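Take a look at the structure below.
The values are calculated or read from the model by the stated rules, or taken from the named source; none is laboratory data. What you see is a predicted model; the values in this text were computed from it and never measured. Because the Cβ atoms are built from the backbone with ideal geometry, glycine has one as well, and the counts that use them run over all protein chains shown. Remember, those area values only see protein heavy atoms, side chains included, never the ligands or the DNA or RNA. Shrake-Rupley method; radii C 1.70, N 1.55, O 1.52, S 1.80 Å.
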Amino acid sequence: MENEGAPEEELRQRNTSASSEETVTKDPEETKKPKGRSKLGISAKCVQWFAKLFVGCLLMVTCGMMYAIYLSTYHERKFWFSSRRDLEREITFQGDGAVYYSFYKDMLRAPSFERGVFELAYNNRTVPMKTINAVQQMTLYPELIASALYHMSGSKGAVDPVYFYIGIIFGLQGIYIGALFVTSWMMSGTWLAGILTAAWFIINRTDTTRMEDSIPLRENWALPYFACQVAALTGFLRNSSNVYAERFCYLLMSASTYTFIMMWEYSHYLLFIQALSLCLLDGLSMIKKEKVYEVHKMYLFSVFLGYLLQFENSALLTSPLLSLVVGCMIAKSLQVGVKKGTFRAKVMKIMYFYLAFTISVSLHYLIRTVIPHKENRQLLKSLEVKFGLNMTKNFTVNWLLCLESFQPPSQDYLIRLTQSSLLPFYILVLLICLCSICQGIFKRICGVPVSAHILAREGRIGERPEVIYHVIQSLLLGSLAMTFEGVKYLWTPYVCVLAAFGVCSPEMWITLLRWIRVKAVHPVLMAFILSAAVPTVIGFSLWREFIPRIVSELSELEEHYESDTVELMNWIKGQAPLAAVFAGSPQLMGAIKLCTGWMVTSLPVYNDEELMKRNEHIYQIYSMRSAEDIYKILTSYKANYVVIEDSICNEVAGIKGCRVKDLLDIANDHVLNEDGDMYAYSKYGRFCHEIKMNYSPYVNYFTRVFWNRSYFVYKINTLISFQY
């Protein structure tokens with residue numbers, strides 16, 4: 001019994017000594033506190049966190065709603081939208097935007113949703129002699145969703161279809177600015193950055209969105225989903241400890257990526273830039289490889305699901321996004337099983353970029369060789385000519401290059417960004433982040449340990465994965481924006497995010513103060529003061545300078561009334577036969593398709609090679625061709641009427657060599673020298689001029705039936721009577 005009790009006594013003594021040691025190591029002040037005090041402290045922190053979250057979410061929703069209301073009010077003031085008739089409202093949808101809305105009207109007129117989708121997928125009542133899958137070629141999924149919501153919400157008879165349609169887009173723009181708010185909020189840790197992002201976005205509205213060009217554009221539908229995807233990706237890269245938050249971000253990222261692919265035919269190019277940024281981030285070992293692998297799986301799933309639901313759209317399979325993701329996954333798999341820190345591992349790390357690039361390019365050419373594709377071929381040819389890899393006289397290629405989206409940005413663009421103080425602060429933040437990234441890469445090579453506590457204390461902001469991702473993507477988009485005007489609408493919103501994050505983030509100021517070795521004031525205290533003072537000063541200056549401009553925009557009434565176009569549409573609806581087919585410029589044909597419902601020979605579609613060829617042939621009405629040649633072209637497409645636009649025929653403004661008649665003369669070899677100032681001898685005058693003279697042989701083929709200051713409509717004679 002004594003032997004059995006000895007171990008128990010020894011164990012009791014050990015427990016007593018251990019408890020005495022614990023009491024010694026504890027803080028004396030903590031021992032004096034009651035047990036319920038720690039629970040109260042934790043609950044206070046929770047209340048503070050939830051209060052901060054509630055205020056931030058409230059501000060985010062407020063910014064989104066105010067921006068949507070601002071866009072709606074500005075649109076009403078610009079077009080007097082509520083006081084117009086339906087025809088006058090529809091004329092405000094220009095170019096391809098008119099075609100998108102016309103198919104939305106077709107869906108509402110269909111007896112059922114299923115029947116409407118079938119008629120769009122096998123559409124033969126828009127372009128003669130051609131059955132097109134309008135859902136795939138025009139990416140009409142936004143219109144399908146809008147029409148379905150219109151019927152399911154019971155809005156029929158209560159809300160005008162046009163208000164329901166544009167209301168959805170205005171709401172998406174509110175979500176767009178809300179997603180940018182959340183992105184900058186997560187990166188900086190303060191909702192002050194979100195407010196500054198929203199302010200810069202709205203002030204630079206002409207450079208951050210294309211809502212003023214045409215509301216139904218695909219970008220206006222798609223980019224809000226991409227902003228949500230970027231916000232979710234930022235949270236996914238940032239969160240490592242909270243598993244539930246990471247899963248939520250991943251699910252949101254997957255859903256928004258797939259929706260983005262379905263909404264815009266060029267979405268995979270933007271996702272390619274994003275995937276390239278992540279591959280560079282992975283190659284620099286600045287992110288966990290498991291996260292990159294999960295994002296790659298998300299890309300593959302979204303692309304293949306989009307391929308199946310977009311009527312087996314081969315453009316997704318031949319996209320550079322798919323080749324890059326597969327190539328990076330293959331290159332990364334070659335490093336599996338290699339022990340970290342070894343010489344072989346370092347060699348494989350250096351070879352990663354080479355392997356990923358080589359495999360991706362080879363796979364891309366292999367896929368494009370095996371899978372037949374015609375989409376975006378003219379666009380790729382235009383890029384070759386743009387970068388000097390090829391030369392051509394092709395009208396379509398040169399016409400695409402003359403579009404505003406393909407031109408370099410004007411100097412006024414950079415001046416506007418500077419006047420709003422956005423560009424200077426963006427450059428400052430970008431330089432600090434780049435230097436910190438280089439410093440982080442050097443420390444990573446030297447084997448310096450990295451932890452979240454060290455990053456926050458020392459201000460090594462360039463070692464945070466989400467910051468590196470935004471910096472790399474901003475540089476890639478910025479380099480493209482300096483080449484193509486159209487890319488600025490993709491780049492400028494994230495310039496707002498990065499600049500606002502930088503000036504509101506204490507970590508960035510700590511990084512800067514550590515470098516310049518400030519000794520008078522503690523760097524952490526100084527950083528918190530600057531992260532609050534600088535955004536406040538910026539906000540007051542923006543409020544003082546730009547709020548009066550915004551108020552004046554909303555108070556002024558603009559006169560926007562195209563009387564000649566309204567007169568043309570009324571004549572077509574009242575005088576032209578229901579089976580008539582109209583020919584003219586693609587932009588005007590889109591408006592005729594929307595406002596009258598009549599068939600047209602061409603559409604403003606730039607991803608279908610056959611339709612682009614039609615556009616080139618119809619544009620010959622502005623060339624120096626004979627009446628017989630033009631007659632044969634028009635009758636080959638079953639056209640009954642041709643519309644001559646005086647603005648194209650007598651065009652004098654615009655970029656030199658980019659007028660339609662100049663491009664036609666180059667394609668038809670009517671130019672004597674490269675400057676285009678002199679023309680070779682032609683026994684035929686310019687058709688759009690000669691037909692107005694009403695003499696033979698033009699009157700033999702065409703009869704003028706309508707004209708005003710802007711448009712001349714000629715009936716194409718079925719029986720030719722030769723007059724001399």
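Okay, here's what the table says:
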item	result
Expected 222 nm ellipticity per residue - DSSP helices of 4 or more, -39500 (n - 2.57), all of the chain, to 500	-22000 deg cm²/dmol
Under 5 Å, built H, 5+ apart or other chain: amide partners of VAL671	ALA680
In sequence order, calculated HN-Hα J values of region 494-509 (Karplus, 6.51, -1.76, 1.60; Hz; x Gly/Pro)	7, 5, 4, 5, 5, 5, 5, 4, x, 6, 9, 9, x, 5, 5, 5
Under DSSP loop assignment and at most 13 Cβ neighbours within 10 Å, longest GluC sites (Glu not before Pro)-free interval of the chain	313-555
Gain in span if fully extended, PHE301 to THR703, counting 0.36 nm per residue against the direct Cα distance	139.0 nm
Accessible surface of the chain, 1.4 Å probe, proportion on carbon and sulfur as whole %	62 percent
Rounded to whole Hz, the Karplus (6.51, -1.76, 1.60) HN-Hα couplings of region 533-543, x for glycine and proline	6, 4, x, 5, 5, 4, x, 5, 5, 5, 4
Cα-centre dipole for region 250-341 with unit charges at Cβ (Lys and Arg positive, Asp and Glu negative), debye to 20	520 debye
Cα gyration tensor category, rounded, prolate or oblate, for region 556-664 with a/c compared to 1.5	oblate
Extension gain from LEU431 to SER636, taking 0.36 nm per residue of separation minus the Cα-Cα distance	67.8 nm
Computed magnitude of the charge dipole of the chain (debye, nearest 20; Cβ of K, R +1, Cβ of D, E -1)	1200 debye
Percentage, to the nearest whole number, of Cα pairs in region 570-609 over 12 Å apart	55 percent
Listed residue pairs exceeding 25 Å between alpha carbons, taken from LYS381/LYS593; LYS593/LYS683; LYS288/LYS443; LYS381/LYS638; LYS393/LYS632	LYS381/LYS593; LYS593/LYS683; LYS381/LYS638
Cleavage-rule hits, chymotrypsin sites (Phe, Trp or Tyr not before Pro), region 683-716, DSSP coil, Cβ neighbours within 10 Å at most 14	TYR695
³J(HN,Hα), Karplus 6.51/-1.76/1.60, whole Hz, each residue of region 295-303, x for Gly, Pro	5, 5, 4, 5, 4, 4, 4, 5, 5
Lys, Arg +1 and Asp, Glu -1 on Cβ, resulting dipole of region 110-240 about Cα centre, debye, nearest 20	160 debye
Selected from THR209, ILE618, LEU530, residue furthest toward positive end of dipole (the chain; charges at beta carbon)	LEU530
Principal-axis tilt of helix 141-152 within the chain, Cα atoms, nearest 10 degrees	80 degrees
Rounded if a/c under 1.5, otherwise prolate or oblate - region 259-341, Cα gyration tensor axes	prolate
Other-chain or far-sequence residues with amide H under 5 Å of PHE702's (modelled H)	ASN717
Most positive-pole-ward Cα, VAL566, TYR250, TYR100, against dipole of the chain from beta carbon charges	TYR250
